[in-house]
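J.: Sharing a structure here in structure tokens format.
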Amino acid sequence: MGSIKGIRDKVAIIGMGCTKFGEHWDKSKNDLIYEATRDALADAKMEPKDIEAAWGGTWVSGFDGRCLADPLKLQYIPVTRVENACASGSDAFRNACYAVAAGAYDICLAVGFEKLKDSGWSGLPDQQSLPNNRYPDRTAPGMFALMATTYFSKYKLSPEEGKRMIGLVSVKSHHNGTLNPRAHLRREVTIEQVMNAPIVAWPLGLFDCCGVSDGAAAAIVCRADVAKKYRTDPVYVKALQISVCPSEGELRADYDFTTVKATVRAGEAAYAEAGIKNPREEISMAELHDCFSITEAVTCEDLKFSPKGKVKQDIESGFFNLDGGLPVQPDGGLKSFGHPIGASGVRMLFEMYLQLQGKADKRQIKNPKFGLTHNLGGIPVSNTVSVLIIGL
Amino acid sequence: MAGIASYGAYIPLYRLNRAEINSAWGGMFPVPGEKAVASYDEDSITMAVAAARDCLKGIDRNKVDRLYFASTTSPYKEKLAASIIAGALGLRRDIYAMDFAGSLRAGTNALRAAIDAVDAKAAKYVLVTCAETRLGAPKGDKEITFGDGAAAFLVSSTGVATSIEGSYAIFQEFHENWRSDKDTFVRSWEERFIREAGYTKLVPEAVNAALKQCKITVADISKAAIFAADPRLLGNVAGKIGFDAFAQLQDPMFMTVGNTGAALPLMMLVAAMEDAGPEQRLMCVGYGDGCDVLIMKTTEAIEKIKDRRGIKRHLEAKKMIPNYLKYVLWRGLMETEPPPRPPINHISVPALWRDREWGLSLTGQRCKKCKTPQYPPQRVCVICQSEDNFEPYHFTDVKATLNTFSHDNLAASIDPPTTIAAVDFAEGGRIIFNMTDRDPEEVKTGMPLEMVFRQVHYWEGIHNYWWKCAPIRC
């Protein structure tokens, strides 16, 4: 890997908005895009005409730049649709930031959005459509369940012990979600409920899986040196890193499913860009891509929050709880807040932004400095991962 | 002289106790025994591939210069099935591949045609593979008696394990069993008529004529593999011909497999060859719209091919289907609530055609620089990033173990859960497969696995085949 130059402290977030996530039977994707962007503009005290360029991140709910220009009636400015699986929203944000950092524009908009609940399907609306037609049947929970099977056997956890470990991840996220009016699934769950829930893909049960939701989130970014002109408490971009796996895990027998190399790589690059030496100590809080409870557990190790094979101790001690040493999913995470694919990356930033500004209400973490977001698109064997860090 | 150089067979893992069928229909058919039932992802093409793989064990596949597929239950009414089988087996492209169909004699027809081709020096090695998955209508006697199975032979004039001594055939225009282009289920005429005018008349006539032609007598036959839809009728014709039913007749597997149609006489011949020593005379009799008789004598070479799974080992390695309803669902005989999942992606014929070689035969490649096997074929090596520097590598018969797995209830399946398996190969390389013919409880990390050819999708009349992994059968 070449040396990381990056754009640390060159770009600031000056406005954000996020809809409630959930089953928005009464709202179209255009409604959601409009509402998230309207709130972001109001937060930045701006009008649509102030936006110079925009990026829209979505997996399956839009095709091109018109996905934003149409609902927002943006007036002939450049707009691009970004697709990078579940990391689409993070990548839209990254593009907007790079445009500002490059000096091409002063003020840019990034919107992540997804409308999943019009499909009528359980799970995600469409799985792999590989052109060779010769491929195993598999779903996202089925593929992430492979991680749990291997993690349990590698670290000598009985299925019971393993399910308890990842079950506690969901118990914590559900609790945080009850404190968040924007979250999709707002109820406490007990470890017994989690462990006894119907199996979706063994060993993962219903409460090991995130919600399938509709939603949108938006961010307005500008040059860091002029950010204070717009607000007194801008939040600065410290690191924007993406790592894409060349589908190695599909073919290489040395991939063992207890790690996601792209998370490790994007994390290392982000820490280098942000100047972070000891993530466990320096990162104040994180929104991780907990599409499944096991994913969050493994990600905590991949991002060096916990030593390899030791995340169980941190989960059990409450280290990742709201009042713990490194709160993870303070907003409820994909588990409780919901997962409208393209929206999730920007939604994660929204929580970090609120926390850094001291506006997270009952979820407020004391004096946070750096917030990290991790967005994993794809499956354990083949994926695209973003790690973004923002701070004061 | 032509003869059989190798044999193989296949019986599906699953069996249904006939008492389950009887009880579902209120005790109308108190028939003893069990029937072999193709798994939900098997059909006559996949079973023909399985029998052929058994037959070709240890044999250079490049030798095969003809492939004859025989079945009354090809998944296609119009489209060659032998080409799919040849693709799955990785046979040469310049071979003569053809389908034999229509009659319950399709199996013996194909075997006789192979013998004639070798005798005529038109071919050196002809692979004959025959499989059947016939459907009797629910609540009928044929549903009870039919079973699924397959057999394969390699016919040649060199290294033969049985040498053909004579053949004889007669045809009879006769509606005994039939299935028109509009029918799903096999039909038949009233039992007493077809017994009197058909089986018990034709079989003795043809067998006696064949014996006469070879200038031998009934006593010269060690084992006769005679098609029999019903073992009582076999006893009847044996008496007429003069066979000692216990000593000379090969078991028609009515109690263990059921009537496998065109494949039955070939499967019985495989079973007879499994038990035979050198210098024994065997007879194979196919029946349907007439009668085919083949008489052959075993050679010393018969001892060299006893490592096949054949009939015996396939018979022993079995799992019971718990109830009749599961059989009904596997055969698609009942419309059920569709799964709340997107319909399967449409199948692209150009994409199928592009991977006709590596996709059908599970042929990947090995990097010439770092030696890592990989599938599907790449342009850039996944390990060392060498470009276009590969040689072909066949994964189907390499030792494989289960790295990790899950049981996916969300994926739509006729036989949930869908078991997802990351499979690692002994010389390197990994492929992610679905696992079939498994009991979810028995699936364990590190277990040894084998590759099986199965139907993976059906869309708009296209049967799409690929490979799955399965626990090692036997």
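Quick note: the coordinates plus some simple rules give every number you see, no bench work behind them. What you see is a predicted model, and the numbers here were worked out from it, not measured in a lab. Here the Cβ is made from the backbone with ideal geometry for all residues, glycine too, and neighbour counts use every protein chain on show.
J.: Distance between the C-alpha centers of segment B:249-305 and segment B:394-419? Whole Å please.
T.: 35 Å
J.: How far apart, in nm, are two points set 7 Å out from the Cα along the Cα-to-Cβ line at A:R280 and at B:E387?
T.: Spacing of the two 7 Å Cα→Cβ label points: 4.4 nm.
J.: For B:V423, which sequence-distant residues (separation of 5 or more, or a different chain) have an amide H within less than 5 Å of its own amide H, given hydrogens modelled in the peptide plane?
T.: Placed amide hydrogens put B:N403, B:I431, B:I432, B:F433 under 5 Å from B:V423.
J.: When the label point is put 7 Å from the Cα of B:A219 along its Cα-to-beta-carbon vector, which residues of segment B:242-280 have a backbone N closer than 18 Å?
T.: It comes to B:242-249, B:280, nothing else.
J.: Now, a different point. If you average the C-alpha positions of segment A:302-364 and of segment B:4-20 separately, how far apart do those two centres end up, in angstrom?
T.: Each part reduced to its Cα centre gives a spacing of 56 Å.
J.: Here is a further query. Please list, by residue number, every one of the trypsin sites (Lys or Arg not before Pro) in segment A:295-376 that is coil in DSSP and has at most 15 other beta-carbon atoms within 10 Å.
T.: A:K308, A:K310, A:K359, A:K366, A:K369
J.: Sequence neighbours fewer than 8 away in the same chain don't count; with that in mind, list the lysines whose C-alpha is under 26 Å from B:K121.
T.: Within reach: B:K57, B:K63, B:K215, B:K297, B:K304.
J.: Take every Cα-Cα distance within segment B:283-409, group them into 10 Å bins from 0 onward, and report for each bin the whole-number percent of pairs it holds.
T.: 8, 15, 24, 28, 19, 6, 0
J.: Okay, next question. Cα convex hull of chain A: how many Å³ per residue?
T.: Looking at chain A, the number lands at 132 Å³ per residue.
J.: Using packing as a proxy for protection, rank B:415-426, B:123-134, B:167-178 so that the peptide with the highest average count of other Cβ atoms within 10 Å comes first.
T.: Highest to lowest by the protection proxy: B:123-134, B:415-426, B:167-178.
J.: By how many degrees, 0 to 90 and rounded to 10, does the Cα axis of helix B:106-119 deviate from the longest principal axis of chain B?
T.: Helix B:106-119 sits roughly 90 degrees off the main axis of chain B.
J.: I would also like to ask the following. Take every residue in peptide A:193-202, count the Cβ atoms of other chains within 10 Å of its Cβ, and give the average of those counts.
T.: Per residue, the average neighbour count from other chains is 3.
J.: Give, in nm to one decimal, the length gained when the segment between A:E52 and A:S158 is fully stretched (0.36 nm per residue of separation minus the Cα-Cα distance).
T.: 32.6 nm is the gain from fully extending A:E52 to A:S158.
J.: If you don't mind, another one. Taking N as the number of residues in segment B:349-471, what value does Rg over Cα atoms divided by 2.2 N^0.38 Å take?
T.: My calculation over the Cα atoms of segment B:349-471 gives 1.12.
J.: Right, next: Round to the nearest 10 and give me the degree value, 0 to 90, for the angle of helix A:159-178's Cα axis relative to the longest principal axis of chain A.
T.: Approximately 30 degrees, to the nearest 10.
J.: Check cross-link reach from B:K444 to the aspartates and glutamates: straight Cα distance under 15 Å, and skip same-chain residues fewer than eight apart.
T.: Leaving aside aspartates and glutamates fewer than 8 places away in the same chain, those within reach of B:K444 are B:D424.
J.: Can you give the relative contact order of chain A as a percent, counting alpha carbon pairs under 8 Å and 6+ residues apart?
T.: Reported relative contact order: 26 percent.
J.: I want to check the label-to-label distance for B:D60 and B:V31. Put each point 7 Å from Cα in the C-beta direction and report it in nm to one decimal.
T.: A separation of 4.7 nm, rounded to one decimal place.
J.: For peptide B:395-406, what's the mean number of Cβ atoms from other chains within 10 Å of each residue's Cβ?
T.: Taking all residues of B:395-406 together, the mean is 4.
J.: Sticking with this one: For segment A:21-112, what does the alpha-carbon gyration tensor say about shape, rounded, prolate or oblate, given a ≥ b ≥ c as the root eigenvalues, a/c under 1.5 as rounded, and a/b over b/c as prolate?
T.: It is oblate, given that a/c is not under 1.5 and a/b is not larger than b/c.
J.: What is the gain in length, in nm to one decimal, between B:Y76 and B:D439 on full extension, counting 0.36 nm per residue of separation less the C-alpha to C-alpha distance?
T.: Extending this stretch completely gives an extra 127.6 nm.
J.: Additional query: Give A:K156/B:K35; A:K45/A:K277; A:K117/A:K172 a once-over and call out the pairs whose C-alpha atoms are over 31 Å from each other.
T.: Beyond 31 Å: A:K156/B:K35; A:K45/A:K277.
J.: Follow-up question, since we're still on this one. Expected output is a single nm value to one decimal: the length gained when fully extending between B:I462 and B:F193, i.e. 0.36 nm times separation in residues minus the C-alpha distance. What is it?
T.: 92.9 nm
J.: Same structure, new question: Can you give the direction-averaged projected area of the convex hull of the alpha-carbon atoms in the protein assembly as shown, in nm²?
T.: Projected area, direction-averaged: 38.7 nm².
J.: Given R₀ = 60 Å, FRET efficiency for B:R179-A:K73 by Cβ-Cβ distance, to 0.05?
T.: Using R0 = 60 Å, I get an efficiency of 0.40.
J.: Give me a single rounded figure for A:243-254: the average over its residues of other chain Cβ atoms within 10 Å of their Cβ.
T.: Averaged over the peptide's residues, the number is 5.
J.: Okay, moving on. Taking only Cα atoms, what is the 0 to 90° angle, nearest 10, from helix B:200-213's long axis to the longest principal axis of chain B?
T.: Around 90 degrees separate the two axes.
J.: Search the structure for amide H atoms under 5 Å from the amide H of B:A5, placed 1.01 Å from N in the peptide plane, and list their residues when 5 or more places away or on another chain.
T.: B:L154, B:V155, B:S156, B:A161
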